[in-house]
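The values are calculated or read from the model by the stated rules, or taken from the named source; none is laboratory data. From a predicted model like this one, the values you see are computed outputs, not experimental measurements. Note: ideal-geometry Cβ built from the backbone for every residue, glycine included; neighbour counts use all protein chains shown. Note: areas computed on protein heavy atoms with side chains; ligands, DNA, RNA excluded. Shrake-Rupley method; radii C 1.70, N 1.55, O 1.52, S 1.80 Å.
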Amino acid sequence: MVDREIRAVIFDIDGTLVDSLDAYYEVFNRGVAHLNAGPLAKDALRDYLAKGLGLREIIEKVSPLPIDDATYKMCREEIHRLFRQVELEGVKLFPGTEELFRHLAGKGIKIGVATGRTSAPEEEQARFARLGLDPYISAIVTSRDIQHRKPAPDVIIECARRLDVPLKACVVVGDTEPDVAAARQAGAVSVAVTTGHDDEKVLLKARPDMLFRTIRDLMVFMESPPMEGASDAF
């Protein structure tokens, strides 16, 4: 049960707003092929992402040899280049996302993005422009902007700061256990969705304030000012 006024909603990206696993799986394995590594199984990649591992950590998991800085940089740049090529066709918004953003904006609720991606915020802004969501988003923070990745709360704290909204007045929406842990540590309302890397059983163990099976369900949840009377899972 949540009984506080909400002034902002902060979203994770992958598995929460967009269905990107298939595309990322393809480009990751192509990007590390020269290391004679893999191919990494999709379930293993999903598990690593759900645990909040960074790209270098995942590469080190699959490489038969140690990864130095130059090798990591080469892999990262190749993976990012390939991802930009395939994302136009391979990465789509989950159904109801644009409708939800329009609904939140109409209620005067600010929208932020706090992601584990290591890309520049400007690059993510361009991606959201392609998806038609950029007019709704007031702040984007990536792992490049902060010291500690999720499950540390740094990216959420920084996003709330840029939104100029107290953390206790923020809802944080994500699809993994680290997303929930980061929201809880930040003191925000934690909302989990089962559309991404972690299933419902894992997410419930993380003890989110609310759990939904689709992002569209959040719109119904937001209709109970001051967010009272909602059940623990939908």
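Report, by residue number, each residue of region 161-211 that is open to solvent by less than 10 Å² (accessible area, probe 1.4 Å), among the small types (Gly, Ala, Ser) and under 15 Å from the mean Cα position of the chain (by Cα).
Across region 161-211, the qualifying residues are GLY174, ALA182, ALA183, SER190, ALA192.
Of everything in region 51-83, what is part of a helix (DSSP H, G or I), open to solvent by 90 Å² or more (accessible area, probe 1.4 Å) and among the aliphatic types (A, V, I, L, M)? Give them in sequence order.
If the condition is that a residue be part of a helix (DSSP H, G or I), open to solvent by 90 Å² or more (accessible area, probe 1.4 Å) and among the aliphatic types (A, V, I, L, M), then MET74 is the only one that fits.
If only one of VAL27, VAL86 is of a type in the set (Val, Ile, Thr), surrounded by fewer than 17 Cβ atoms within 10 Å (Cβ to Cβ) and either in contact (Cβ under 8 Å) with a residue 24 or more places away in the chain or not in a helix (DSSP H, G or I) (or both), which one is it?
That would be VAL86, the only listed residue that is of a type in the set (Val, Ile, Thr), surrounded by fewer than 17 Cβ atoms within 10 Å (Cβ to Cβ) and either in contact (Cβ under 8 Å) with a residue 24 or more places away in the chain or not in a helix (DSSP H, G or I) (or both).
Return the residue satisfying two criteria in turn: it lies in region 1-59 and is of a type in the set (D, E, K, R) and touching a Cys at 6+ places or on another chain (Cβ under 9 Å), and of such residues it is farthest from VAL202 (Cα to Cα). Steps first, answer last, please.
To start, the set of residues in region 1-59 that are of a type in the set (D, E, K, R) comprises 3-5, 7, 12, 14, 19, 22, 26, 30, 42-43, 46-47, 51, 56-57.
Retained after the next criterion (residues that are touching a Cys at 6+ places or on another chain (Cβ under 9 Å)): 7, 56.
Numbers: ARG7: 28, ARG56: 25 Å.
The extreme case among them is ARG7.
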